[in-house]
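Below is one structure, written out as structure tokens; the observations come after it.
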Amino acid sequence: MSDLIVHDNETYENEVFKSLDVSDESFRDVSFYNCRFVGSSFQFADLRGCAFEKCTFSNCNLALAKFNNTKFIGAVFNDSKLLGINWGNTGVVISASYVNCLLDSSVFSDMNLGKVKFISCSMVEASFINTKLVRVKFDDCDLKRCQFSQADLSSADFSTSRNYYMNASSNKLHKTVFSLPEAVSLLANLDIKLK
């Protein structure tokens, strides 16, 4: 268990939180700078007006956490469970990297994700509605049943990912990178027959 306890309206710098459990708890206006969270749980937590700058989360459970008006700047999530989070409540811009994370049923609507990296993540049924994904790389991600609608996917790279489907007429696909055979899914919404 972590010896550190989190309090509202506090600032924490260069701290290591091991096995911190703030599941089901609520916090307001807490700032974390260059902190590490290891094996910690934020499941069902409600964080409002908080900030995580240059923080790393390793083997953490943040499933169904609420991040209302909470900033993530230069955050890194490794091997963490991030199921069902509405990232759109954090604000319009987020700067983070997700490596080997479970992001199933997450919502990234109405956001600018231009500086986000998704590497070896499960993103089953994630939602990207009205999302700016310019130059975002989806590296080895499972995008099964993901919803892309009114998304700007200019120069985004899906070449190593799988199970994606997007409607070419309702998304901006300028210089978007795909690979075969997955790219065939782009033809699914057209009224054509392939032989």
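The values are calculated or read from the model by the stated rules, or taken from the named source; none is laboratory data. What you are looking at is a predicted structure, and each value in this text was computed from that prediction instead of being measured. Here the Cβ is made from the backbone with ideal geometry for all residues, glycine too, and neighbour counts use every protein chain on show. Heads up: the accessible areas ignore ligands, DNA and RNA and are worked out on the full protein's heavy atoms, side chains in. Shrake-Rupley method; radii C 1.70, N 1.55, O 1.52, S 1.80 Å.
Quick one: compute the contact order of the chain, relative version, from alpha carbon pairs under 8 angstrom and 6+ residues apart, as a percent.
10 percent
Under a 5 Å amide H to amide H cut-off, with H placed in plane at 1.01 Å, what residues pair with Val16 once short-range neighbours are removed?
Residues meeting the criterion, in which the H sits 1.01 Å from N, are Arg36.
For Lys137, what residues show an amide H to amide H distance below 5 Å, using hydrogens built from the backbone and excluding near sequence neighbours?
Answer set, sorted by chain and number: Phe118, Asp157.
Classify region 57-100 as rounded, prolate or oblate from the Cα gyration tensor: take a ≥ b ≥ c as the square roots of its eigenvalues, call it rounded if a/c is under 1.5, otherwise prolate when a/b beats b/c and oblate if not.
oblate
Tell me the per residue accessible area of the chain using a 1.4 Å probe; a whole number in Å² is fine.
50 Å²
Sum up the charges of everything whose Cβ sits under 14 Å from the Cβ of Ser31, counting Lys and Arg as +1 and Asp and Glu as -1, but leave Ser31 out.
-2
Does a label point 7 Å from the Cα of Glu125, set along Cα-to-beta-carbon, have any residues of region 80-101 with amide nitrogen under 18 Å, and which are they?
So the set is 81-88.
Between Asn167 and Arg135, what length in nm is gained on full extension when 0.36 nm per residue of separation is reduced by their alpha carbon distance?
9.7 nm
Alpha carbon centre of region 99-119 versus region 1-52: separation in Å?
Spelled out, the Cα-based centre of one part sits 21 Å from the other.
Over region 52-102, what relative contact order in percent results from Cα pairs under 8 Å that are six or more residues apart?
Rounded, it is 40 percent for region 52-102.
For region 1-77, what class follows from the C-alpha gyration tensor (a ≥ b ≥ c being the square roots of its eigenvalues): rounded when a/c is under 1.5, otherwise prolate if a/b is larger than b/c, else oblate?
rounded
For Lys172, give me every one of the lysines with a C-alpha distance below 25 angstrom, ignoring sequence neighbours fewer than eight places off in its own chain.
Lys115, Lys117, Lys132, Lys137, Lys144, Lys193
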